[in-house]
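Participant: First the structure, then my questions, so here it is.
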Amino acid sequence: MATRVRPGNKRCAVIGGSGFLGRHLVEKLLDRGYGVSVFDIRQSYELPGVTFHQGDLCDKQALLAALKAVSLVFHCASPAPASDDRELFERVNIHGTRTVIEACTEAGVQKLVLTSSASVVFEGTDIKNGKEDLAYAKNPIDYYTETKIEQEKLVLAACGKGKGLLTVAVRPHGIFGPRDPQLVPILVETARRGKMKFIIGDGTNLVDFTYVENVVHGHILAAESLTPGSSTCGKAYHITNDDPVRFWDFMSEVLVGLGYKAPRYRLPYNLVYGLALLLWLLALILRPLVSFKPTFTPMRVALAGTYHYYNCDRAKHDLGYKPLVSLKEGIVRTVQSYPHLRRGS
Ligand code: NAD
């Protein structure tokens with residue numbers, strides 16, 4: 001296990017700190033006595049002890065201004081996967097990450113922790129207990145994932161760059177928890193429109209959902225493991241709840257917890273996937289004439305109907321990671337945090 005060094009009063013920056021994961025990370029870092037700067041294209045809250053820098057991570061000068069006297073950088077910014085905007089993903093996740101690395105080396109930052117994603121190895125077919133040594137997806141399921149792969153490669157390859165930058169990538173999967181603007185709100189919105197009646201496939205596929213506090217914990221352990229010569233530099237780590245769950249059981253538990261009915265009618269996976277693919281191709285062909293973005297995408301169908309859960313033994317061994325909040329408890333806390341989404345509210 002790598003030696004862990006508390007950074008004392010050192011200052012860190014969270015790029016993407018206004019987002020769902022970013023804000024949870026910022027709050028935990030403050031609890032642990034770090035001074036925190038947030039760099040983001042938007043400011044979504046105010047907190048004592050946090051300095052906000054509004055800017056685009058593709059702008060090196062703006063980054064350099066925010067990284068003064070910073071020794072540790074967390075990079076958890078990305079355009080939302082749902083935007084499905086190839087150009088934007090390439091600009092922010094690939095070129096922007098290159099800019100982040102350059103800015104870190106120029107500003108004398110010691111450590112860079114990237115929020116990658118376990119989906120960098122997912123091609124839309126089953127992954128059971130996948131380890132970090134699985135090859136990157138040759139056919140990533142969407143542009144978002146394609147650029148997350150390149151982003152991770154860039155950050156891991158930067159280990160030792162400049163004056164000895166230390167880098168590590170955390171690969172979470174299915175982050176959930178209070179204030180997530182995606183998973184629960186979209187689920188409830190779909191249920192309210194009467195469209196959460198169907199289970200895609202036979203409903204037995206296991207996946208990882210990871211409570212946000214555990215993901216934050218993994219990030220901080222990864223950062224604190226980085227010391228000159230440490231073996232964690234240049235490595236990727238799966239961070240999960242270590243408790244794979246049936247995708248449809250998880251969805252049902254959240255829905256029922258908020259007063260909605262669980263999905264109950266089964267649809268064959270191949271049929272639904274084929275339809276989603278057709279719709280996606282249609283949107284592509286018609287793009288010059290009409291622009292529409294189907295919400296029912298092959299990627300969403302694959303995520304809902306296949307196995308995708310990951311082994312986090314490497315994080316346990318190298319970082320001393322173990323989930324702090326159980327899946328059950330995480331679901332309870334999440335459901336309680338959305339009173340306004342409860343049925344009838
Ligand atoms: P989020 O959308 O809530 O947060 C992302 C933040 O990045 C936002 O505040 C946004 O304003 C900021 N941002 C986007 N483009 C920027 C730019 N050009 N310059 C500066 N800031 C910019 O997303 P999240 O769910 O908190 O995800 C955080 C990270 O975790 C992302 O890297 C994502 O790929 C990764 N991840 C998320 C999940 C999940 O289930 N949510 C799973 C695996 C990996």
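Participant: Would you look at the GNM of the chain, springs on alpha carbons closer than 10 Å, and say which of ALA223, ALA283, ALA158 moves the most?
Facilitator: ALA283
Participant: Would you mind counting up the charge near SER37? Only other residues with Cβ under 13 Å from its Cβ, with Lys and Arg at +1 and Asp and Glu at -1.
Facilitator: It works out to a net charge of +2.
Participant: Right, next: Once you list every other residue whose beta carbon is under 13 Å from the beta carbon of ILE199, what net charge do they have if Lys and Arg are +1 and Asp and Glu are -1?
Facilitator: +4
Participant: Hey, another quick one. For the pairs LYS28/LYS316; LYS138/LYS197; LYS60/LYS153, note any where the Cα-Cα span goes beyond 27 Å.
Facilitator: Flagged as over cut-off: LYS138/LYS197.
Participant: Further question: Normalised by the empirical 2.2 N^0.38 Å for globular proteins, what value does the Cα Rg of region 231-345 take?
Facilitator: The value comes to 1.43.
Participant: While we're here: Quick check: net charge around LEU47, other residues with Cβ under 9 Å of its Cβ, Lys/Arg +1 and Asp/Glu -1?
Facilitator: Combined, the nearby Lys, Arg, Asp and Glu give -1.
Participant: Expressed in nm², what is the orientationally averaged projection area of the convex hull enclosing the Cα positions of region 168-300?
Facilitator: Computing the convex hull of the Cα atoms and averaging its projections yields 11.1 nm².
Participant: Along the charge dipole of the chain, which of VAL73, MET196, TYR237 sits closest to the positive end, that is, farthest toward it, with unit charges on the beta carbon of Lys, Arg, Asp and Glu (+1, +1, -1, -1)?
Facilitator: Of the options given, the answer is MET196.
Participant: Connecting C-alpha atoms closer than 10 Å in a GNM of the chain, tell me which of PRO79, PRO178, PRO288 has the biggest fluctuation.
Facilitator: Fluctuation is largest for PRO288.
Participant: As I understand it, the value is the acute angle between the Cα axis of helix 269-286 and the longest principal axis of the Cα atoms of the chain; what does it come to in degrees, rounded to 10?
Facilitator: So the helix axis and the longest Cα principal axis differ by about 70 degrees.
Participant: Hey, how much of the P(r) for the chain falls beyond 39 Å, as a percent of Cα pairs?
Facilitator: 13 percent
Participant: Looking at region 53-160, I'd like the Rg to Rh ratio, where Rg is from alpha-carbon atoms and Rh is Kirkwood's inverse mean 1/r.
Facilitator: Using only Cα positions, Rg/Rh for region 53-160 is 1.00.
Participant: State the Kirkwood hydrodynamic radius of region 26-99 in Å, one decimal place, computed from all pairs of distinct Cα atoms.
Facilitator: That comes to 13.5 Å for region 26-99.
Participant: Rounded to the nearest 500, what is the chain's calculated 222 nm mean residue ellipticity when only DSSP H runs of at least 4 contribute -39500 (n - 2.57) each, over all residues?
Facilitator: Here the helix-only value at 222 nm equals -11000 deg cm²/dmol.
Participant: In addition: Kindly point out, ordered by number, any Cys in the chain whose beta-carbon has no other cysteine beta-carbon under 4.7 Å away.
Facilitator: By the Cβ distance rule, which asks for a partner under 4.7 Å, the isolated cysteines are CYS12, CYS58, CYS76, CYS104, CYS312.
Participant: Under Stokes-Einstein, with the Kirkwood radius over Cα pairs standing in for Rh, what whole-number D in µm²/s applies to region 247-294 at 4 °C and 1.567 mPa s?
Facilitator: 98 µm²/s
Participant: Suppose we keep just the DSSP beta bridges with both residues in region 174-309; what percent of those would be antiparallel, to 5?
Facilitator: 25 percent
Participant: On to the next question. Report P(r) for region 112-238: all Cα-Cα distances, bin width 10 Å, range 0 to the bin holding the largest distance, values in whole percent.
Facilitator: 12, 34, 35, 14, 5, 1
Participant: Can I ask one more? Let me cross-check ARG192: its accessible surface, 1.4 Å probe, with only protein heavy atoms counted, in Å² to the nearest 10?
Facilitator: Counting only protein heavy atoms, the figure is 120 Å².
Participant: Could you work out Rg/(2.2 N^0.38 Å) for region 289-331, with Rg from alpha carbons only?
Facilitator: Normalised Rg, Cα atoms only: 1.93.
Participant: Using the Cα gyration tensor of region 36-77, with a ≥ b ≥ c the square roots of its eigenvalues, what is the shape: rounded (a/c below 1.5), prolate (a/b larger than b/c) or oblate (neither)?
Facilitator: Because a/c hits 1.5 or more and a/b fails to exceed b/c, region 36-77 counts as oblate.
Participant: Something else about it: Sorted from largest down, give the three principal axis spans of the alpha carbons of region 189-261, whole angstrom values.
Facilitator: Rounded to whole Å, the extents work out to 55, 24, 17 Å.
Participant: Note the per residue figure in Å³ for the convex hull of the C-alpha positions in region 1-126.
Facilitator: 134 Å³
Participant: How much of the DSSP beta bridge set in the chain is antiparallel, as a percent to the nearest 5?
Facilitator: 5 percent
The values are calculated or read from the model by the stated rules, or taken from the named source; none is laboratory data. Predicted model, so just to flag it, every value in this text is computed and none were measured. Every residue, glycine among them, receives a Cβ derived from its backbone with ideal geometry; neighbour counts consider all protein chains shown. Only protein heavy atoms, including side chains, enter the accessible area calculation; ligands, DNA and RNA are left aside. Shrake-Rupley method; radii C 1.70, N 1.55, O 1.52, S 1.80 Å.
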